[in-house]
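Quick notes on the structure that follows.
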Amino acid sequence: MPKLNELVAAVDEPQNAEKQSKAERAFVRRLDIFLLTFGCISQGMVTYYDRSVMAILGKPQRLTDNVARYLDQSNISNAYVSGMKEELGLEGNELNLFTTYFNVAYCIMLIPSQIIMTYVRPSWWLPSVEIVWGVITGLIAITHSAKQIYVLRAFLGLCESAAYPGMITLFMAWYTPTEMAKRIGFYHSCQSVGSMLSGALQAAIINSLNGSSGLTGWRWLFVVNAIITVIWGLAGYVMIPDMPNKPNPWAFWFKKRHSELALGRLTRTNRIDAKPISWSGAKRTFTQWLVYVIAILYIAMVLGTSGADYFNLFLKSVHRSDGSARWTKTDVNVIPIGGSAITVVFVWVWAYMSDFFRTRWLLIILQAAVALMVAIIMSVWTTHPQSTPLSAAYASYFIQRIALGTAPLIWAWLSDLSPTDPEGRTLIVGASIAGYYSISAWSQVLLWPARQAPYLCQDKYGWQSAAALCTLVIVLCVALRIVDVRYLAPERKTDAEIAAVIAEDADGLEGVDNKLDAESHITPVQSATEPARK
């Protein structure tokens, strides 16, 4: 078994991953301006909408996506409190089904969408489904019953399932190991940015457009969001570069030299470009252990930190000694903004540290340790609320936000562990997220019953379960690291050395070709001057 110093000292990426020329740095900036920007904004449109749905139910939503996604997902909640409930006659059970239909469809389409993206250009697939979900969002503005919303929510789930895993797959294809965690981290953090911006945007829409053209304010929420989503979806046709070996011909900013540069980056970092997923590739992926370890690691960490999502409900349920509410409605919406700001900062901090120190596993363990400490504190407070100060609960909800930056590191670690299996990476990302949705659909209700707020799970063992899951994350990280250092890393090192030799030979051949080409131009000149010399 590897010694502790070997586990810590060994880096997760090829030694030559950080070598960059001036042209390469300029190319990475182009990727950031177009690919990363499109991903962050388009995902935020959906996240906004999801949050709204969950707020209708009086429940928080675990956000896996970003700014535009956030804008999309929070519309229904604000619409609900702005007249939708009365106009459509909505009740509790119907509201719960909004989320159920969406999550079921989202979960069903995750893996198929990942497969489709290897056969259909990402620059066609991702913008097209975004435009469709924008149109569906707009159709909610003309609904007159909950049943109509059920149908639209199901189709929204089918469309939105392509966004998050699809962008993660593209990041893995274009960015090198020392670039990847930062980009995925920035992409991931945009959900919290959207959380901070959504309330003001929605209030402005409702207050300024209510009654215009005969539409109430809550209907305008969906109309405006649909317009923004469709316009940004159209931009995706030229902003997404597709794959290095098959670039997007509509991407005006992407030149032939960029494709050659991207393929060279793949070779230098021992990576293989994406290819269509075959049955044999899928069979190979799901008969190997890595897919299950990564999926369990991701699911355990996301569920283990899900208590942070209930801060609003906690604040709303805290009362003074006279029975009056401790916090106003404004306070309940404003105070968690501080938590979102903490999440944004620390997602960036963890991601930058991961790329700088070239490690993933240690930082995942540190975050799991923070979440474990919070789970222990909250377990004590929920079981002994009279003897434990309330300030411990307030502090815990904010501290736990520090540990919400593991997803970018898990995806970056997956790319490091399996650099030459793009089929496997694509399927593992989809399977992990699908696994989370399938489990959270029923586990959250059992472990975090809203009726027990502010203690949340006083007799349902929610925080105790969170502590167990965080412990599992730590154990899995250590075990996976041992296997990596002992078995996987030597294989990757050998492959990287072979790739480096091939790259050097290719450069040498290119140099010879250039020399021969130059000589072919010089020789005629010399031949032509020889008679003159005579």
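The values are calculated or read from the model by the stated rules, or taken from the named source; none is laboratory data. Remember, predicted model here, so these are calculated numbers, not experimental data. Cβ sites come from the backbone with ideal geometry, for glycine too, and all protein chains shown count toward neighbours. SASA here: full protein model, heavy atoms, side chains in, ligands and nucleic acids out. Shrake-Rupley method; radii C 1.70, N 1.55, O 1.52, S 1.80 Å.
Residues are listed down the side, and each one gets a yes or a no for (1) in contact (Cβ under 8 Å) with a residue 40 or more places away in the chain; (2) under 25 Å from T420 (Cβ atoms):
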site: G236; (1), (2): yes, no
site: M239; (1), (2): yes, no
site: W253; (1), (2): yes, no
site: R268; (1), (2): yes, yes
site: K275; (1), (2): yes, yes
site: K283; (1), (2): no, yes
site: W289; (1), (2): no, yes
site: G304; (1), (2): yes, no
Problem set entry | Qualifying position, being touching a residue at least 24 places away in the same chain (Cβ under 8 Å), over 21 Å from I299 (Cα atoms) and of a type in the set (V, I, T), among T388, T382 | T382
For this session: Tell me, please, whether a residue that is β-branched (V, I, T), open to solvent by less than 50 Å² (accessible area, probe 1.4 Å) and touching a helix residue (DSSP H, G or I) at 6+ places or on another chain (Cβ under 6 Å) can be found in segment 236-247.
Result: yes
Exercise. Residues A251, A282, A274, A262: which one is of a type in the set (G, A, S), under 21 Å from the mean Cα position of the chain (by Cα) and open to solvent by less than 50 Å² (accessible area, probe 1.4 Å)?
Worked result: A274
For this session: Answer yes if at least one residue in segment 317-329 is open to solvent by less than 20 Å² (accessible area, probe 1.4 Å), part of a helix (DSSP H, G or I) and either in contact with a Gly (Cβ under 8 Å, 6 or more places away or on another chain) or modelled with pLDDT under 90 (or both), and no otherwise.
Result: no
Exercise. Taking segment 185-229 as the search range and keeping residues that are of a type in the set (G, A, S), open to solvent by 30 Å² or more (accessible area, probe 1.4 Å) and closer than 29 Å to I342 by Cα, which one is modelled with the highest pLDDT?
Worked result: A204
